[in-house]
1. Could you check the stretch 42-57 and list, in sequence order, the residues that are of a type in the set (A, V, I, L, M, F, W, C) and surrounded by fewer than 16 Cβ atoms within 10 Å (Cβ to Cβ)?
2. For Pro39, are the conditions met, namely being surrounded by fewer than 15 Cβ atoms within 10 Å (Cβ to Cβ) and not β-branched (Val, Ile, Thr)?
3. Residues being free of Cβ contacts under 8 Å to residues at least 24 places away in the same chain and assigned to a helix (DSSP H, G or I): count how many of those fall in the stretch 56-94.
4. Residues in the stretch 16-36 that are crowded, with 20+ Cβ neighbours inside 10 Å, within 25 Å of Pro72 (Cβ to Cβ) and not small (Gly, Ala, Ser): how many?
5. Assess whether Arg69 counts as being surrounded by 10 or more Cβ atoms within 10 Å (Cβ to Cβ), basic (Lys, Arg) and in the same structural domain as Lys7 (by TED's automatic domain parsing).
6. Take the residues of the stretch 118-129 that are within 27 Å of the chain's Cα centre (by Cα) and more than 14 Å from Arg95 (Cα to Cα): which is surrounded by the fewest Cβ atoms within 10 Å (Cβ to Cβ)?
7. Contact list please: Cβ distance under 7 Å, first residue in the stretch 29-43 and free of Cβ contacts under 8 Å to residues at least 40 places away in the same chain, second residue assigned to a loop (DSSP other than H, G, I, E, B), pairs at least six apart or on different chains.
Amino acid sequence: MSVRLDKWLQVARVFKTRTQATKACDLSRVRVNGVAVKPHRLLQLGDRVEIEVFPDWSRTLVVRELAERPLPKAEVPRLYEDLSPPRPPRDSLERLRRRPLVTRDAGAGRPTKKERRELDDFWADLLGD
């Protein structure tokens, strides 16, 4: 038996949706046995799947069981053996650096209510309030 990679990644709860799994494969963030693959790649038992989650952290999973249908959360860990290093702590300053700055064109008028909230949140996070 074999299963499509994007389906298995969703069933294994590596990605919340199959669309996210497909996009990660298309962006070459998923490798099977060291080779960047497309989402339609068929997985076999024992395949080593490497997923780049963040630029500084990637997960390594060894396929132990194949499933096409969603499973209860308690049964998901039996699908794979996790060889990943521990997830690094998230730096709040790094999170702010990744966030896009709120910009306005000159002469665009006053900010909308939504833009004002975004500006307030940005400054609150920046100043640590």
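The values are calculated or read from the model by the stated rules, or taken from the named source; none is laboratory data. Remember, predicted model here, so these are calculated numbers, not experimental data. Positions of Cβ are generated from backbone atoms using ideal geometry, with glycine treated the same way; all protein chains shown enter the neighbour counts.
1. Passing the criteria: Leu42, Leu45, Val53, Phe54, Trp57.
2. For Pro39, the condition - surrounded by fewer than 15 Cβ atoms within 10 Å (Cβ to Cβ) and not β-branched (Val, Ile, Thr) - is not met.
3. The total comes to 6.
4. Here the count works out to 2.
5. Spelling it out, it is not the case that Arg69 is surrounded by 10 or more Cβ atoms within 10 Å (Cβ to Cβ), basic (Lys, Arg) and in the same structural domain as Lys7 (by TED's automatic domain parsing).
6. Ranking the qualifying residues of the stretch 118-129, first place goes to Leu119.
7. Every condition considered, the pairs that remain are Val30/Val37; Arg31/Val37; Val32/Arg41; Val32/Asp47; Asn33/Asp47; Ala36/Ser28.
A quick yes/no check of all residues on (1) on the phi < 0 side of the Ramachandran plot; (2) at pLDDT 90 or above; (3) of a type in the set (Lys, Arg):
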site: Pro70; (1), (2), (3): yes, yes, no
site: Glu75; (1), (2), (3): yes, yes, no
site: Glu81; (1), (2), (3): yes, yes, no
site: Asp91; (1), (2), (3): yes, no, no
site: Arg104; (1), (2), (3): yes, no, yes
site: Ala108; (1), (2), (3): yes, no, no
site: Lys114; (1), (2), (3): yes, yes, yes
site: Leu127; (1), (2), (3): yes, no, no
